[in-house]
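Worksheet: the structure to be examined is printed underneath.
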Amino acid sequence: MEKLKLGQWNKLKATWKVDFGMYLEGGGYDGKILLPERYVPEDLKIGNEIDVFLYLDNEERLVATTLEPKAMVGDFAYLEVAWVNEYGAFLDWGLMKDLFCPFREQKRRMEKGRSYIVHVHVDEESYRIMASAKVEKFLAPTPPRRLSAEEGGLHIDQEVELLIWQKTDLGFKVIINNRYAGLLYDTQVFRNIHTGDRVKGYISNIRSDGKIDCSLQRYGQHRQHTEDFSARLLRYLETQGGRCRLGDKSDAEEIKEQFGVSKRTYKQAVGDLYKRRLIRITENGIELV
């Protein structure tokens, strides 16, 4: 049998039926792991294998569940605080027992009802599953360029999963593929996103200092997006008396609120229409020729 993976999914064999559940072959104090009755499928029979998630109950005993957790060991996740006591905060991660985040692993005191980006890991000293809001120490360094995507490498224009981490003056810090830190610039954001969102993105640049820039669109898609918006902006002008009050110096938030695109995309579309001599740029915005 493969080594048990605490805080992750395991395939285990049913070995012994009791009134309060089913024991699975694996480990624990007596070589068995309990799957409580509420999680036992009706068709599970002795000798059958079942996929279960393993964690520790309130008495630190290994227990199984078929519930889908919101995060597993090794994951970064956005979790809500269910309650707080004198030892730390307890986060709702979708299981009967909440996930503990001690005060020493909090950047600032967590508050009940608020959500935070955390990393889920097994504490080396206590062997308990814990969360930490000090996510930086769990992020991997930028991988060498020679590594393939299968080996964890990154390359320009590669499709990746982004977890929106926190807002900065430049844009949003993101966690790439549950491993690396990256930055998504405001100029690359053309829709509303918030901390905790998981979105599809692309690697736009890997800088010489190892920092990674991301985009919500591939380069070619961005170009197509600009061309598509040029046509939309032209239709807007035709239906609004030939004028738009937004210009090159307009606030990015105003542009996003009006059209749902970034200021960069707006300026590129304006430039495209201007080069085609379809509009003129005025002190009050733009207007049809």
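Going by what's in this entry, would Val63 be described as open to solvent by less than 30 Å² (accessible area, probe 1.4 Å), touching an Asp or Glu at 6+ places or on another chain (Cβ under 6 Å), over 30 Å from Glu136 (Cβ atoms) and of a type in the set (Val, Ile, Thr)? Even if it seems obvious, please write down each step before you answer.
Details: open to solvent by less than 30 Å² (accessible area, probe 1.4 Å): yes; touching an Asp or Glu at 6+ places or on another chain (Cβ under 6 Å): yes; over 30 Å from Glu136 (Cβ atoms): yes; of a type in the set (Val, Ile, Thr): yes.
Spelling it out, Val63 is indeed open to solvent by less than 30 Å² (accessible area, probe 1.4 Å), touching an Asp or Glu at 6+ places or on another chain (Cβ under 6 Å), over 30 Å from Glu136 (Cβ atoms) and of a type in the set (Val, Ile, Thr).
For the stretch 172-289, give me every one of the helices (runs of 4 or more DSSP H) that falls completely inside it and has 3 or more residues that are in contact (Cβ under 8 Å) with a residue 12 or more places away in the chain, of a type in the set (Ser, Thr, Tyr) and surrounded by fewer than 18 Cβ atoms within 10 Å (Cβ to Cβ). Explain how you work it out, then say what you get.
On the way: elements: 219-239, 252-259, 263-275.
By residue number, no helices (runs of 4 or more DSSP H) qualify.
Matching residues to (1) touching a strand residue (DSSP E or B) at 6+ places or on another chain (Cβ under 7 Å); (2) surrounded by 12 or more Cβ atoms within 10 Å (Cβ to Cβ); (3) aromatic (Phe, Trp, Tyr):
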residue	(1), (2), (3)
Trp93	yes, yes, yes
Asp157	yes, yes, no
Glu161	yes, yes, no
Ile164	yes, yes, no
Thr168	no, yes, no
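Among the candidates Lys97, Lys107, Lys112, Lys45, single out the residue that is open to solvent by 40 Å² or more (accessible area, probe 1.4 Å), in contact with a strand residue (DSSP E or B) (Cβ under 6 Å, 6 or more places away or on another chain), part of a loop (DSSP other than H, G, I, E, B) and not hydrophobic (A, V, I, L, M, F, W, C). If you could, list the steps in order and put the result at the bottom.
Values: Lys97 fails: in contact with a strand residue (DSSP E or B) (Cβ under 6 Å, 6 or more places away or on another chain); Lys107 fails: in contact with a strand residue (DSSP E or B) (Cβ under 6 Å, 6 or more places away or on another chain); Lys45 fails: in contact with a strand residue (DSSP E or B) (Cβ under 6 Å, 6 or more places away or on another chain).
Checking each option against the conditions leaves just Lys112.
Would you confirm, using the coordinates I've provided, whether Val81 is crowded, with 18+ Cβ neighbours inside 10 Å, closer than 30 Å to Ala140 by Cβ and in contact with a strand residue (DSSP E or B) (Cβ under 8 Å, 6 or more places away or on another chain)?
Values: crowded, with 18+ Cβ neighbours inside 10 Å: yes; closer than 30 Å to Ala140 by Cβ: yes; in contact with a strand residue (DSSP E or B) (Cβ under 8 Å, 6 or more places away or on another chain): yes.
Criteria met by Val81.
If you go through the stretch 49-60 one residue at a time, how many are over 16 Å from Tyr127 (Cα atoms) and open to solvent by 60 Å² or more (accessible area, probe 1.4 Å)?
Number satisfying all stated conditions: 2.
Please list, ordered by first then second residue, the pairs with beta carbon atoms under 7 Å, 6 or more apart or interchain, first in the stretch 109-133 and closer than 19 Å to Glu86 by Cβ, second among the basic types (Lys, Arg).
Between residues of the stretch 109-133 that are closer than 19 Å to Glu86 by Cβ and residues that are among the basic types (Lys, Arg), the close pairs are Ala133/Lys107.
Is the stretch 66-77 home to any residue that is open to solvent by less than 20 Å² (accessible area, probe 1.4 Å), outside any loop (DSSP other than H, G, I, E, B) and either of a type outside the set (S, T, N, Q) or closer than 30 Å to Gln188 by Cβ (or both)?
We begin by selecting, within the stretch 66-77, every residue open to solvent by less than 20 Å² (accessible area, probe 1.4 Å); these are 69, 71, 76-77.
Imposing the further condition that a residue be outside any loop (DSSP other than H, G, I, E, B) reduces the set to 76-77.
Narrowing further to those that are either of a type outside the set (S, T, N, Q) or closer than 30 Å to Gln188 by Cβ (or both): 76-77.
Yes, the stretch 66-77 contains at least one residue that is open to solvent by less than 20 Å² (accessible area, probe 1.4 Å), outside any loop (DSSP other than H, G, I, E, B) and either of a type outside the set (S, T, N, Q) or closer than 30 Å to Gln188 by Cβ (or both).
Return yes or no: is Arg104 charged (D, E, K, R) and at pLDDT below 95? Outline the logic, then answer.
On the way: charged (D, E, K, R): yes; at pLDDT below 95: no.
No.
The values are calculated or read from the model by the stated rules, or taken from the named source; none is laboratory data. From a predicted model like this one, the values you see are computed outputs, not experimental measurements. Cβ sites come from the backbone with ideal geometry, for glycine too, and all protein chains shown count toward neighbours. All accessible areas refer to the heavy atoms of the entire protein, side chains included, with ligands and DNA or RNA removed. Shrake-Rupley method; radii C 1.70, N 1.55, O 1.52, S 1.80 Å.
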